[in-house]
Structures are given as C-alpha cells and as structure tokens.
There are 4 protein chains.
Amino acid sequence: MKDVVVLGGSSGEHLAVRIAELLGSELGEIEVKQFPDGETYIRILADVSGKRVVYVNSLQRGPNSLIVETLYTLDALKDLGAREVYAVIPYMAYARQDERFNPGEAVSIFSLAKLFRALSIDGIYTVDMHLHRITDPTKLFGAKFHNLTGVRELGKYVKSNYSLDNAVVIGPDEEAEQWAKIMAEELGGLEYSVLEKKRISAEEVVIEARGIGVSGKNVVLVDDIISTGGTVVESVKALRKLGAREIIVACVHPLLVGRAYPRLLRLGLKDLIGTDTVLSPISKVSVAPAIVEALRKTLA
Amino acid sequence: MKDVVVLGGSSGEHLAVRIAELLGSELGEIEVKQFPDGETYIRILADVSGKRVVYVNSLQRGPNSLIVETLYTLDALKDLGAREVYAVIPYMAYARQDERFNPGEAVSIFSLAKLFRALSIDGIYTVDMHLHRITDPTKLFGAKFHNLTGVRELGKYVKSNYSLDNAVVIGPDEEAEQWAKIMAEELGGLEYSVLEKKRISAEEVVIEARGIGVSGKNVVLVDDIISTGGTVVESVKALRKLGAREIIVACVHPLLVGRAYPRLLRLGLKDLIGTDTVLSPISKVSVAPAIVEALRKTLA
Amino acid sequence: MKDVVVLGGSSGEHLAVRIAELLGSELGEIEVKQFPDGETYIRILADVSGKRVVYVNSLQRGPNSLIVETLYTLDALKDLGAREVYAVIPYMAYARQDERFNPGEAVSIFSLAKLFRALSIDGIYTVDMHLHRITDPTKLFGAKFHNLTGVRELGKYVKSNYSLDNAVVIGPDEEAEQWAKIMAEELGGLEYSVLEKKRISAEEVVIEARGIGVSGKNVVLVDDIISTGGTVVESVKALRKLGAREIIVACVHPLLVGRAYPRLLRLGLKDLIGTDTVLSPISKVSVAPAIVEALRKTLA
Amino acid sequence: MKDVVVLGGSSGEHLAVRIAELLGSELGEIEVKQFPDGETYIRILADVSGKRVVYVNSLQRGPNSLIVETLYTLDALKDLGAREVYAVIPYMAYARQDERFNPGEAVSIFSLAKLFRALSIDGIYTVDMHLHRITDPTKLFGAKFHNLTGVRELGKYVKSNYSLDNAVVIGPDEEAEQWAKIMAEELGGLEYSVLEKKRISAEEVVIEARGIGVSGKNVVLVDDIISTGGTVVESVKALRKLGAREIIVACVHPLLVGRAYPRLLRLGLKDLIGTDTVLSPISKVSVAPAIVEALRKTLA
C-alpha cells in the first residue's frame, strides 16, 4: 500500500512487522530508550512527512510507561507532518476501570480516552476491548474507533489443529457469550453457551452450562482475557464436574499475571492458546490479519 | 485557609503535609496502589466537591508512571466536583527535551504540556523549571503557570548554618547565572559570577570564573539540578585549581542518578544541599514555604 | 515414581508441572512472595521430610533475585528433612562469565558454583550450559552435575512440522558445531557445518559455511542461546548471500533481550523456535522430556 | 592506615568514602553494571593483591541483587590475592527471618549466613542487627562478627541540636530497651523506659510507659529500624495521650517502605532522624565513626 508507513512502539514492534508485511507497506523504525533518570527518549527514524502512518503499541503489563511513550509518539508523528495517523492499540489498558465502583475512584479509561482525544489522530484500532459502558467510543477517544476481534483468528488455529467432532463452545460467564458465538461460527457452526452460577441453597452454588449438555463433550472454552487465571481454573473444574472430556482454552489477551501460567498448566488442558496482542508463552496466534483487514478498508 | 484541601500523590505526599500545615488547610488522602497487571488504582478519599484543591506530585526518577497517576488524579478531581484544581509539580519531568535536537525526535515537554492542557485545570505551580524555549507556559499548559524558585530556601539554610565571610557565589555555567544571582541576594549581597570555558589552544581548555577572583575565597556553588553529578565534579575541580577554599554545593533538584551521590561525597565539600522537590539523602531544605507563598496569592 | 516430590520456584513452576506429569510423581507447591522491603518470603507447602525432592527454577532474565530464592529454597529443603535434593536449573545464569577477561573482574560462575557447593545438594541438572573452561563441574558445584541438551527436543519439533528435503544444518560459529551435530542426527542424518569469518583483505571479511554448499538449500540454523539476536541476524544475512532458501532458526535458550524478538521477525524466517528453559513467545518446545530421561536414571 | 584499601559496592560507596577518610586509608573503586540480560558485572579497579581490604555494601531495599553483588565481590577479592577481607554490611537483610514461624518456611538469615560462610572472609561488621536467636554469629557466618551500634551517633546528633531539659528516652517496645539505654547514656544519663501494652478488659488495651512518667516531658523515641512506620505512629499517638510534649524520633535503619515517610511527617514531630546505613531523606547521621572505631581495633 503506497504512502503508508507502519511503525511499532516498544511493545508493538512484533505486530508492526506482521502488519507491514500483510499490508505490503513500508516498515519504519523508532528509536526508544530510557535516560538514566527514567525519562523516555523517542526518535522516529522513518520519514513520515506527508505519509499515512500506522503506529502499533500494546498497553500491556506495566502500562503506564507504554501510555506515555504512545501519546508522545502519536503527537510527534503529527508534528513531523504525517498526513494521517492511525493508532493500533492491540491491548487497551484500563478498560476495566470504566465506572466509579466506589466513591472517589478515578474512572481511568475516561481519563485515558481524554488524553488520546487531545492528540487529534485519525483512527484507533483495538482488539476485543470491554465497551459495556462506553456507547460512543469514537466520540470519547476523538478518533474513528474500531473494536476488532481476535476470536476468529483463534478459531482458525483451533480448526486447523484439532478435530472438532463432538465439541461445543463455552464462555465462562454471561459477558463471554459474544466471544463464544464468534468462536462457534468460526468452527463451522458448533453449539455454544455460557456457564452460569446457580444458588441451590444458602450455602451451595453450582455452576451449570446454560441450556446445553457438556457431558461427554469436548469443550472449547473461550474468553477475552486471562489475567490471574482464576476464572479459567474455576470454569475448567466446573466443566470437568459436568462430565466434559477434553478441554481447549482460548483467549485473546494472555496477560498471565503472576503464577497464572503454571496454574493453567496444572489443569491438564488439551491446549492453551492466546494471541499476540500481549506477548506470552501461549501467543500462538497473530491478530495481524484481523487488524490488516480493518486497516485496508480505511487506507484503500 | 477555608474550602481548601491539600492532597499528595505517591511522590508528593511529603510536600502536601508541609504545604497544608503552612497554609492552615485541610490535608486529605488519596489511595494509590498497583494492580497485579501494573495498572494504577486511584481513589480520592477526601471530599472535594465544591472545594478548591491543591494536588501535589513530583515527576521525579521514573516519571512515566507518576505522569499517568497525576493526569488521572487531576481529571478525577474535576470529575468529582472540585471547584478549582491547582497542580503543584515541584519537579517537572521532560523539561530538558524542549527542542528537536535531531530530526525525528519527540519534543516531549510539548507533548506533556498538551496532555495537561486537555484537563482544564486552574493553575500549575512548579519549581525552577527550564523555560528557555517556552515563552508562554500558561498558554502551553492551558493553566496559569507559576515557575517558582527554591534557591531562596537554599540560601536561608546556608545563611543560618555557615559564616559567609570571604565568600562568593558561583554558577557552573552561563545558564546558572539566574540562580547564582538569587543566591547572592539571599546571602546578603555577596558577589556572584559563573564559570566559563576558554579555549587557549587547539588542545587546551581552561575554566575561569567570569570577572571575579575566587582564589582564597569560600564558594557557594549553585545550580538548578544535579543529575549524574558530572557538572558539579568538573566545576569543583576547576574552582580548586583557581584557589578556592571551602566549597558548599547547593541545588534545587537533587536527582542524584546512579552513583552521583558517592561521587560528590568524594569531593570533600563543606556541605552538599538539595531541596525536597525530589527526595534524596541531601534533601535538607523544603520548598514548601516558596510554594505556599505563591498559593496564598491565588487562594486569598 | 514413589517418594519423589517435584517443586517449582517462581520461574520454574511451568517445568515442574511437566516434569511431575512425565515422572508420574507428586507435584508440590511453594509459596514465594516479596515483602514490602523487597525481601523474599519462601514457604514449602509440600511435606518433604524423608522424601527425594526435585526442585526446578530457571535463572533467567534478572537472575539475581532468582539465585537468592533458589539457594534459600534448596537450603530449606535440606533443613526440612528431605532425604535427597536435586536442583533442576534449566538455564544457568552467569555461565558466560567463566574467565577473568580483564584484570580485576569477578569470575561470577565460579562464585555462583561456590554458593551451590555450600548447600550439599545431591545433584544438579542443567541444559546446554557453556562448560568450555570448566572441566569438572561436579567438583566445582559440589553435586553430581548433569549438562543435558535441549537440541534433540528442538529437532523432534522441526522433524514433525517441516519437510526436510534439500536441507542442511548450520551453526553460527565454531562453538555451535556441537549443537549442529546433534540437530543433524536428530533430523535423520542431515549434513551439517558452521559459519566461519574469512578475512579477504584489510577491509573485507566474508562469512562462509565451512566445507558445505548452502546455495539453493533450506537451512536449519541452530544455537544454544539467543540474547540480543545479533548473531542470528548476521548469520541469516550471510546465509541469504550464500544463496540459502528457507531458513528455520532454533535455539535452546530464547532470552530475547530488548528488541531481539521483533528484530528476528523482520528476517522473514520460515520458523523461529526456542524451548521453555526460558519462557518467551517462541517457547514452542519443552525440555521436560530430556530432563525426565536424566532424572529417571538417578531416581530409578 | 597502611596496606588498607576501602571499597564500596553499589549501595555502600557513600559509607566507603567516609570510612576511608576517617581511617586515613586508600579509597579504591569497583565498577558495577548490569548486562542487558540482568546479570551483574563486577570489576575491582583497585589493586588489592597483598592488601587488607574493607568492602562496604548495605543490603537494603530490594536486597537480593545486592546480596549476589556482595558475595561475588567478596569472593573475587580473595581470588585477586587480598591478604585479608573485611565485609562491612551496615544493614543486614533477612535478619528478621530468623526462625521457622510457620511449618515449611525458609529461615533465610541462616541460609544467608551459610553463603557468607562459604567465602572464608576475615571479619564482618554490621550495625544494630537483630541477634535474639543467634547466639554465636561468628560461628554462623564463619567470620569474626562485630555487631556495632549506630545509636551513639544518633545521640550525638540529638545532643548537639536540641536542649534536653525535661526529656526522657523511650523505646517503643521491650526489645528496644537496649537502644533506649544507650541513647539515654549518650544524652548524659537521662531516664529511659519502654512502652508496654496492657490489656484492661476484653476489648481494651492501653499503652503505658513502664515505670516512668512522660506527662509534660519531651521524649526521644528510639528504635533500631523504621520499616512501614506503623510502630512509630502507634507509639507517638500513645505518648501524646500520656501527655508527652515534644517528640523526637530516632532510628538506626530508616528503611521507610512505601508511604512511611509522609505518614511520619503527619505526626508533627520535632525531628525525625536516621543514619546512613540505608540512604533516605532522614539519613542525617553517619555510622562511619562507629564502624571506623571497630575497624581500627582489628586493623591496628
């Protein structure tokens, strides 16, 4: 694609390489380093004047320094004369702090959106971000907002590596129904549902799969994010109790905080799959194709 | 002072305590913690609705996380109904990245100012910030901008601890003349000057004190910031060569990066003094009085 | 295996899970946390008294804290009455600091070995450690020392995922010949060699494959470790100049320091493979089978 | 002092400078840096062959990396031919983990001592280390062990800065009686005691000063260490309740973890003083004289 330069920040360069390749566009470079006093130095080595720029950076583990780097870089790109600037933020930090759950709390995602808004960029692409309480992200972030999904890419990987006889797709909770639905479609129209907690007495809660039998079935359990892994551990135990056979766990954002990874390995899963929105030992699938498909529509 | 709440962020609380005390105002609290995924959680515990709020945070060593904390908190204060919000940033990070020294560089202080501008706060108070290339900081930061000095407080400390017979005040370079001048005034009208490099042949450079004799004199060497300590080490060696006797080094911002502190201790100085804009083992002087003096004018 | 407990430290638990499973042994747990002052708290939750214990911890990126954790844990296991204690250190830090290259340098691997020696453990298992200048590691570390290889596991992965028609195996330098040889065997007896630098004039150096043609060939490039990625980048460029076709890069220890991963992605490799001695986005292969094979001989 | 070289590690260099000066000995240098993979590089730049070496390093906040640095350096000094090697560890980490409080815990200080023991050094000097459960530290650490006190230096500072009319010395708990005693002596024989918790009913506990009246008195509160500051906050509140007037808080090791410093500032103390065993904003007093006094006896 002509007049397009793809650039990666310090946690987005791996995706920038793949996106540039799929777009058939120039791949540029940015120098990012820390001064001894902890300030970040940023220098855009590519010539961006008059160009359309796709800047990729993921706001993953320890996001604050990446946020500053991202905002400074986007501002510099405009300042250096880029004609259009598109931010690809595969993982958007602070998305879960989208309400004042207790008095006095900062509603961080709104503040972060306001900072992006100050930069007048031309578009934002992110992947499977929680938008429950955000009805108009384009207005909030001040740039055409694209919330893409990585679940189709996860589905392609599952389909090409496993037989899906006798399989169903399950989301660990109500909210995950949207991802279960997409995964089920991608896997050729499998049945799908979500897990539900049911209180059966004052002391006892059971977990059930809503309106679907999992006994004797192979299960693809799908969620948007694995952080500490607690939800997955609980869900897998429930599915086993319900008689499920082999279980594959797939998530878009494998944050895998603390001991999450070994905890999940202890579950004896058939496979454990994440994407490269956040780099991890389970980042077996790239979201680059989903991002490029969306970028093509804008840049065509 | 009524209707005023003073709050400190995670690197400003020590100054918030002192400012509240001097102002005679309420001192509130903010809960700041890190989630396991590195996101920052902020909760303002004081009731700020309808109040005038003074928020203090220093953007010192490793400033990126502090920048995000500061911006989120300022935004939250407005959102929680504070009538007026004043940011006290004793040390402003990125002030030295105020020009594109090489093609493609981010001019970080302009980007940072733009982020502050997005928040519509009512005033910013900082201490001895480089403003060479910034002619209108109020416009740039989008809030009435006060660039205070900590040098008078350093001067008071020197005066009350040392005899100043036979003393002169020296700045390590041209730029430091402004601080040497203030220090000299504060010390009762001492002579002052700055060091200059003079090339005397192709190979040789000598350092001289411009238009002033230091031989046999005691010297108060004053600068705005000590980062790695290189400038001070070089200046002290030059002063000794020129025959200076006892040397006191005073700076506003004791960043003391890496091995700066032991390097300075090796110089055999009479004293080594900094303020509490940045906490360090040499933070013997508080800038709180200077900040409170300026705040009083606004809040009166 | 009876009377055997497998335990993982904070960077070894993923391998402990796999090792316990393959050994058919009990998998225990250790609680490891940091106090606010940065001290490490360690509590062995499994009952190890009278048992044979296999403790797994990798001394990867930022190894110092992991070294302290490992030494304290091994000492505690003995103290708690474990009958035999085996340390599995998939990646041994400081192995490259095995000589006084400049006067006054600490020869860190000798010091580290001395610390292990103080603990009187019963065996150490590590993977592809540099032992050029260490002739008797068992004496040095004070425990029966097993230097295993992860290259066979890498080979199995390559063989089962790629056709190897027209392929040769190359090591990036002299030292890597040992790994090229094992890989070549594992791939069914392929030809193998190493790259060599040849000075052809005062200014010019060329890189050649010693005694082997790579023009038109597919290449499996194999090394023990990828740190900054510089060696691989240089080698791949040389192989391309020599006419190589598709290139697969395989390494045992994917340290991938700094920007190594995106740098390698830019090379357009057919695949990029590492093991789980160090967790990384390319840790597609586990060394657990190699470790278990060796453990079985000891524990049988 | 002849044939003696004083060297500082990365958190001991400030004390090494002061110790060398007071001893009148050579001050050498060590290069310490981190490789990109997090390993520590150590090079002793001074010529230590045949010399007696005093190596100073404090095992303060984030001690693990400092422990590895210290052990490697001590081993290197021996290896480089130093005739005698003395380790000055102003703050000894892990001293509070000196018992198995819960089953399975590592008793870290015993493990750390064993690591020191492996190095065959000639003496260890530390300051106000907890030795309750360690009866023979010389045997445990395998080197003549000197547990010095920094309380006398604190006392000298208090005496020369404050009038002590109407003052008493208080320790916050039973254990602190030893420090209260020394402080009281140093202040010319003041009365001293400790605070005690007394249960007066099922719900209510009161804190009293054992056998001493504090009403209307000025108090010097002294402890060995301030970590989170909780003990000091509680003690100061109790003293105020008991009618104490002005309170000075003095401690040897100002660890000041997290928000300890601003918490203490909120107490409205007359002064808050620590030593330089751990560098902090309250490190107003050096323990160098106490260390030098002990070293002189050995090195004379």
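The values are calculated or read from the model by the stated rules, or taken from the named source; none is laboratory data. All values derive from a computational prediction rather than experimental measurement. Positions of Cβ are generated from backbone atoms using ideal geometry, with glycine treated the same way; all protein chains shown enter the neighbour counts.
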- Being within 23 Å of residue A:40 (Cα to Cα) and among the β-branched types (Val, Ile, Thr) narrows B:126, B:135 down to just B:126
- Exactly one condition in (1) touching a residue at least 12 places away in the same chain (Cβ under 8 Å); (2) under 17 Å from the mean Cα position of the chain (by Cα); (3) surrounded by fewer than 20 Cβ atoms within 10 Å (Cβ to Cβ) is not met by residue D:11; state its number. (3)
- For the range B:109-160, how many residues are over 18 Å from the mean Cα position of the chain (by Cα) and either under 14 Å from residue B:74 (Cβ atoms) or within 14 Å of another protein chain (Cβ to nearest Cβ) (or both)? 15
- Starting from residues that are at the interface with chain C (Cβ under 7 Å from one of its Cβ atoms) and within 22 Å of residue D:17 (Cα to Cα), keep the ones in the range D:35-44 and report whichever is surrounded by the fewest Cβ atoms within 10 Å (Cβ to Cβ). D:43
- Message: What are the pairs with Cβ atoms under 7 angstrom where one residue, in the range D:129-154, is without any contact (Cβ under 8 Å) to a residue 24 or more places away in the chain and the other, located anywhere, is buried (at least 19 other Cβ atoms within 10 Å of the Cβ) and of a type in the set (A, V, I, L, M)? Sequence gap at least six, or different chains.
- Response: D:145/D:124; D:147/D:129
- May I ask you to list the residues in the range C:235-252 that are under 16 Å from residue C:206 (Cα atoms) and in contact (Cβ under 8 Å) with a residue 40 or more places away in the chain? C:235, C:238, C:239
- Note on the structure: Counting only residues in the range B:1-11 that are more than 9 Å from every other protein chain (Cβ to nearest Cβ) and in contact with a strand residue (DSSP E or B) (Cβ under 7 Å, 6 or more places away or on another chain), the one modelled with the lowest pLDDT is identified as B:3
- Exactly one of B:144, B:139, B:181, B:156 is touching a Ser or Thr at 6+ places or on another chain (Cβ under 6 Å) and basic (Lys, Arg), and that one is B:144
- Message: Name the residue that is nearest to the other protein chains (Cβ to nearest Cβ), counting only residues in the range B:173-201 that are among the polar types (S, T, N, Q) and surrounded by 13 or more Cβ atoms within 10 Å (Cβ to Cβ).
- Response: B:178
- Task: Give the residues of the range C:117-163 that are small (Gly, Ala, Ser) and more than 29 Å from residue C:220 (Cβ to Cβ), sorted by residue number.
- Result: C:118, C:120, C:123, C:142, C:143
- Segments classed as strands (runs of 3 or more DSSP E), wholly inside the range D:202-300, with at least 1 members that are of a type outside the set (A, V, I, L, M, F, W, C) and within 14 Å of chain B (Cβ to nearest Cβ): D:247-254, D:271-275, D:283-285
- Yes/no for residue B:214 being touching a helix residue (DSSP H, G or I) at 6+ places or on another chain (Cβ under 9 Å), crowded, with 22+ Cβ neighbours inside 10 Å and among the aliphatic types (A, V, I, L, M): yes
- Task: Please tell me if residue D:121 is within 18 Å of residue D:53 (Cβ to Cβ) and modelled with pLDDT of 95 or more.
- Result: yes
- Given the conditions (1) in a helix (DSSP H, G or I); (2) surrounded by fewer than 23 Cβ atoms within 10 Å (Cβ to Cβ); (3) facing chain C (nearest Cβ under 7 Å), which single one is not true for residue D:78? (3)
- Message: Can you list residue pairs whose Cβ atoms sit under 8 Å apart, with the first residue in the range C:109-126 being touching a residue at least 40 places away in the same chain (Cβ under 8 Å) and the second being polar (S, T, N, Q)? Count only pairs 6 or more apart in sequence or on different chains.
- Response: C:123/C:298
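Among the candidates D:73, D:40, single out the residue that is β-branched (Val, Ile, Thr), touching a residue at least 60 places away in the same chain (Cβ under 8 Å) and assigned by TED's automatic domain parsing to the domain that holds residue D:126.
D:73
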- Task: Return the pairs, sorted by first residue and then second, in which the second residue is surrounded by fewer than 24 Cβ atoms within 10 Å (Cβ to Cβ) and charged (D, E, K, R), the first residue lies in the range C:45-59 and is in contact (Cβ under 8 Å) with a residue 40 or more places away in the chain and at the interface with chain D (Cβ under 9 Å from one of its Cβ atoms), the beta carbons are less than 9 Å apart, and the residues are 6+ apart or on different chains.
- Result: C:46/C:26; C:46/C:29; C:48/C:83
- If residue D:19 passes every condition in (1) surrounded by fewer than 18 Cβ atoms within 10 Å (Cβ to Cβ); (2) at pLDDT 95 or above but one, which one does it miss? (1)
- Would you be able to tell me the number of residues in the range B:253-279 that are closer than 30 Å to residue B:53 by Cβ and either outside the structural domain of residue B:231 (by TED's automatic domain parsing) or in contact (Cβ under 8 Å) with a residue 40 or more places away in the chain (or both)? 8
- Query: Residue check: is residue D:201 of a type in the set (S, T, N, Q), over 22 Å from residue D:283 (Cβ atoms), at pLDDT below 95 and out of contact with any His (no Cβ under 9 Å at 6 or more places or on another chain)?
  - Reply: yes
